[in-house]
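In what follows, a structure is listed as structure tokens, so that the remarks can point back to it.
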Amino acid sequence: MQLVFSEFQDQLVRGLAHRMNNILSLFHGYLGMLMDDQKLNPVTKEGLTRVSEGAREASDLMDRINAITRPASGSPRDVNPADYFRQLAPTLDGLRTPKVQLTVECPGDLPAMCVDTSRVKLAIVELVRNACEAAYSRVTIRVSAEKGAEQPELFLGGVTTRDCEWLKIEVSDDGAGIRNADAPRIYEPFFSTKKKNHAAGLGLAVALSCAQESGGTLRHRSSKAGATFEMRLPARTREQLRAVA
């Protein structure tokens, strides 16, 4: 699936996100002042706490909507995958519930990723969040290198992606899997199969957008034993890194 947005849609979303975040900043500021009042009765304080939580959720929602259309803010750079996932570990661990075990399998000898690290982080966080919410007890992240994959061509820092190896990041859960009827729509913004009222239905759309920005792809496979989302990103061999150094 390829996400396509017009220039008008991009401007509309970015403008809306900017305006809404300005409004929500007022909520955060005044709620903070009100909740600092030591004379508040418990019922009022609980109500303000719920309003504050709602404002935070709204801010997060607008950030995620903006992430779908926002162009990459940084330039691609070469990053060691093992180091990258070690740095991400606390963030990813914070996404799981106590019942879910999160395992990362990332060998130390993989080729470097050539990506905008902030955008790739968004994609990985959304995939892991989605997996943790779907899992019964286990989420696994497997990182490996792949040669000869059919991928789109993109010029990145002196090397076209046709000349690159590919880094494959698989995020798997042991949940119920994806229903066949839902599979064609799972990357659509605001489509969600979750029963939670606050489910935004944006996680996979954000992940897909970030993967495509990096010249990669995002695909999935599913069975009754769970679902796996597979993101491929451009990588470089040591020889290619030396050639452009």
### Task
Sort through Ala149, Ala145 and tell me the only one that's part of a strand (DSSP E or B), at pLDDT below 95 and more than 20 Å from the chain's Cα centre (by Cα).
Ala145
### Task
Working only within region 58-85, note down all residues that are modelled with pLDDT of 80 or more and in a helix (DSSP H, G or I).
Pro81, Ala82, Asp83, Tyr84, Phe85
### Query
When both residues are 6+ apart or on different chains and their Cβ atoms are under 9 Å apart, which pairs have a first residue that lies in region 209-229 and is over 16 Å from Val125 (Cβ atoms) and without any contact (Cβ under 8 Å) to a residue 40 or more places away in the chain, and a second that is buried (at least 21 other Cβ atoms within 10 Å of the Cβ) and aliphatic (A, V, I, L, M)?
Arg219/Met231; Arg221/Ala227
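Listed here are the residues, each with its yes/no results for (1) part of a helix (DSSP H, G or I); (2) farther than 20 Å from Gly201 by Cβ; (3) under 30 Å from the mean Cα position of the chain (by Cα).
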site: Arg19; (1), (2), (3): yes, yes, yes
site: Phe27; (1), (2), (3): yes, yes, yes
site: Leu31; (1), (2), (3): yes, yes, yes
site: Gln38; (1), (2), (3): no, yes, no
site: Thr49; (1), (2), (3): yes, yes, yes
site: Glu53; (1), (2), (3): yes, no, yes
site: Arg56; (1), (2), (3): yes, no, yes
### Query
Which of (1) surrounded by fewer than 24 Cβ atoms within 10 Å (Cβ to Cβ); (2) in a strand (DSSP E or B) is the odd one out, the single condition Leu233 does not satisfy?
(1)
### Query
Only one of (1) touching a Phe, Trp or Tyr at 6+ places or on another chain (Cβ under 9 Å); (2) at pLDDT 90 or above fails for Lys168. Which number is that?
(1)
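The values are calculated or read from the model by the stated rules, or taken from the named source; none is laboratory data. No experiment lies behind these values; they were computed from the predicted model shown. Every residue, glycine among them, receives a Cβ derived from its backbone with ideal geometry; neighbour counts consider all protein chains shown.
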